[in-house]
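Here's the structure we're looking at; comments come further down.
The values are calculated or read from the model by the stated rules, or taken from the named source; none is laboratory data. Owing to the predicted nature of the structure, the values given are computational and were not obtained by experimental measurement. So basically every Cβ, Gly included, is an ideal-geometry build from the backbone, and we count neighbours across all protein chains shown. Each accessible area value is taken on the protein alone, full model and side chains, heavy atoms only, with ligands, DNA and RNA left out. Shrake-Rupley method; radii C 1.70, N 1.55, O 1.52, S 1.80 Å.
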Amino acid sequence: MPFRLLRFALSGKYPEPRMFRDRNRLKSSYDAVIVGGGGHGLAAAYYLARDYGMTNVAVLEKSYIGGGNTGRNTTIIRSNYLTAEGVKFYDQSVRLWQDLSQDFDLNLFYSTRGHFTLAHTDSAVRTMRWRAEVNKHYGIHSELVDADGVKQACPQIDLSCGGHAPILAALYHAPGSIARHDAVAWGYGRGADQQGVEIHQQTEVLGITVKAGRVTGVETNRGEIATPRVLCAVAGFTPRILQMVGLRSPLSIHPLQAMVSEPMKPWLDPIIVSGSLHVYVSQTARGELVMGASLDPYELHSTRSTLEFAEGLASHLLDLFPFLSHVNVVRQWAGMTDMTPDFAPIMGKTSIDGFYLDAGWGTWGFKATPVCGKTMAYTVANDRNHELIQDFSLSRFANYRLVGEKGAASVGH
Ligand code: FAD
Ligand code: PYC
């Protein structure tokens, strides 16, 4: 148990200090500026300070930290990807996740549940078998199980799915986990702050200055800052930042919606995902069911959520678990996801010196938060792409070297 939690439990008064200092003044220059105070930007700041001693760093967040997709996601953590590049990368992240509560001395409620991706058709069974074999090759615990294996782990499931789409088999991934998303932003934020990194909320980047092919500074709503390095980690806002430096990407921005039920007694241990039924669900430590579906099928820069989504998701969830028909939904919301054509991220150096990109995280980037922080910190500190991200560079789209990860997306898109 993290020591901090024990101290809190035994104390008579509320002992928690603020998570990070409220800085009221921007300096005129920093060694690096990170645009975006989501998990990725904060993790990069934390590892830049901890692993490379770079502390003259500012994280600029236009709203509040963790208020973007980091605080809106459904927290599924897994490494059961399809490509060698993806599997190695996400496996490293899962390893980092396992020690993160200790590293931060903050309970992230990291909970390993096992993850089932259901297959309702022969072609889905083939893809699951393929993923299982790639995963095993890299030492990751994934295997194909039959329908009885699913029923054993989750006795409440209707294997016939109301007769619409019977479950034939599933990809079982033992390390599949969930965590408390906002604590991840706080943990990285606090850790970065303690080492001297400045976190500035309500600070929006409005422009980036590039001279002779290299970054020299950023313009913000609070004034100009000189800096030789800018890391862009803004998820659904990436195209707007790229426009500031004259770069193009194949990103398209789609809303991804989710919703949560009232708390129930614990009944669902594993994480259940069905790409064919466009539904996934897990149960939190508080007993809520956290549920999601596919992307909204059109490009939209908005975080509105819809009745159509709630109705569609509820009806598919009832195909799997008819006994939930009396359960109330208490909240729904959306995030703006930055989707790439190959469902892999865009990371690393760009054609502009000193401008680094951590984007293309679409519907899959929460699980990658620790490894993104580590690899982007390396890349910014050394001005050299970390070996784990070599294949994810923006230039792959111009060179036709895509990393086809669509078969491992959690829900159909
Ligand atoms: P964000 O957390 O979005 O942070 C970017 C920040 O940049 C924001 O806070 C924003 O305000 C700030 N910003 C933008 N423009 C500017 C500017 N000009 N100046 C200053 N600041 C700026 N991934 C998984 O792995 N598992 C899941 O189960 C999962 N479920 C998801 C469910 C939903 C509903 C959604 C929407 C996403 C889901 N994802 C999931 C994806 C995951 O949430 C994201 O990929 C990840 O959180 C991205 O983190 P980030 O730090 O890059 O971006
Ligand atoms: O990447 O596993 C995932 C995921 C689940 C829901 C959204 N993304």
Test each condition in (1) over 17 Å from PHE237 (Cα atoms); (2) more than 10 Å from ligand 1 (Cβ to nearest atom) for HIS301 and report the one that comes out false.
(1)
ARG131: passes all of (1) basic (Lys, Arg); (2) within 16 Å of ligand 2 (Cβ to nearest atom); (3) more than 30 Å from ASP319 (Cβ to Cβ) but (3)
Checked the range 250-283 for anything part of a loop (DSSP other than H, G, I, E, B) and either within 20 Å of the chain's Cα centre (by Cα) or within 11 Å of ligand 1 (Cβ to nearest atom) (or both); matches are PRO250, LEU251, PRO270, GLY275, HIS278
Just one of the numbered conditions (1) under 27 Å from the mean Cα position of the chain (by Cα); (2) free of Cβ contacts under 8 Å to residues at least 24 places away in the same chain is not true of SER123; which one?
(1)
Please verify whether the range 361-383 includes one or more residues that are surrounded by fewer than 17 Cβ atoms within 10 Å (Cβ to Cβ) and away from ligand 1 (no atom under 14 Å from the Cβ).
yes
List the number of the failed condition for MET336; all other conditions in (1) open to solvent by less than 20 Å² (accessible area, probe 1.4 Å); (2) away from ligand 1 (no atom under 12 Å from the Cβ); (3) not small (Gly, Ala, Ser) hold.
(2)
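Considering only the range 48-75, how many residues are in contact (Cβ under 8 Å) with a residue 40 or more places away in the chain and within 14 Å of ligand 1 (Cβ to nearest atom)?
As a first pass, look at the range 48-75 and keep what is in contact (Cβ under 8 Å) with a residue 40 or more places away in the chain: 48-52, 54-66, 68-75.
Filter once more, so that each one left must be within 14 Å of ligand 1 (Cβ to nearest atom): 58-66, 68-75.
Of the residues in the range 48-75, 17 are in contact (Cβ under 8 Å) with a residue 40 or more places away in the chain and within 14 Å of ligand 1 (Cβ to nearest atom).
How many residues are open to solvent by 60 Å² or more (accessible area, probe 1.4 Å) and touching a Ser or Thr at 6+ places or on another chain (Cβ under 9 Å) when one looks only at the range 122-131? Break it down stepwise before answering.
First, pick out the residues of the range 122-131 that are open to solvent by 60 Å² or more (accessible area, probe 1.4 Å): 122-123, 126, 129-130.
In the following step, the residues that additionally are touching a Ser or Thr at 6+ places or on another chain (Cβ under 9 Å) were identified as none.
Qualifying residue count for the region: 0.
Counting only residues that are of a type in the set (D, E, K, R) and assigned to a loop (DSSP other than H, G, I, E, B), which one in the range 40-67 is surrounded by the most Cβ atoms within 10 Å (Cβ to Cβ)?
GLU61
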Scan the range 382-392 residue by residue and report those that are among the polar types (S, T, N, Q) and either part of a loop (DSSP other than H, G, I, E, B) or touching a Leu at 6+ places or on another chain (Cβ under 8 Å) (or both).
ASN385
Go through LEU82, LEU106, LEU6 for me and flag whichever is part of a helix (DSSP H, G or I) and either more than 16 Å from ligand 2 (Cβ to nearest atom) or open to solvent by 10 Å² or more (accessible area, probe 1.4 Å) (or both).
LEU6
Regarding the range 348-359, can at least one residue be identified that is within 16 Å of ligand 1 (Cβ to nearest atom), within 15 Å of the chain's Cα centre (by Cα) and of a type outside the set (Lys, Arg)?
yes
Could you tell me which residue of the range 284-298 is farthest from ligand 1 (Cβ to nearest atom), considering only residues that are part of a strand (DSSP E or B) and touching a Ser or Thr at 6+ places or on another chain (Cβ under 6 Å)?
LEU289
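Restricting the search to the range 215-245, which residues are out of contact with any strand residue (DSSP E or B) (no Cβ under 8 Å at 6 or more places or on another chain) and either free of Cβ contacts under 8 Å to residues at least 60 places away in the same chain or of a type in the set (Ser, Thr, Tyr) (or both)?
Narrowing the range 215-245 to residues out of contact with any strand residue (DSSP E or B) (no Cβ under 8 Å at 6 or more places or on another chain): 223, 240, 243.
ARG240, GLN243 - these are the residues of the range 215-245 that are out of contact with any strand residue (DSSP E or B) (no Cβ under 8 Å at 6 or more places or on another chain) and either free of Cβ contacts under 8 Å to residues at least 60 places away in the same chain or of a type in the set (Ser, Thr, Tyr) (or both).
If we keep just the residues of the range 395-408 that are under 24 Å from ARG248 (Cβ atoms) and open to solvent by less than 30 Å² (accessible area, probe 1.4 Å), which is farthest from the chain's Cα centre (by Cα)?
At the first step, the residues of the range 395-408 found to be under 24 Å from ARG248 (Cβ atoms) are 395-406.
Now restrict to residues that are open to solvent by less than 30 Å² (accessible area, probe 1.4 Å): 396, 403, 405.
Working: ARG396: 22, VAL403: 18, GLU405: 15 Å.
That would be ARG396.
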Among the candidates VAL411, VAL327, residue that is modelled with pLDDT under 95 and either over 19 Å from the mean Cα position of the chain (by Cα) or surrounded by 17 or more Cβ atoms within 10 Å (Cβ to Cβ) (or both):
VAL411
Selection count, the range 343-360, where residues are open to solvent by less than 10 Å² (accessible area, probe 1.4 Å) and not aliphatic (A, V, I, L, M)
7
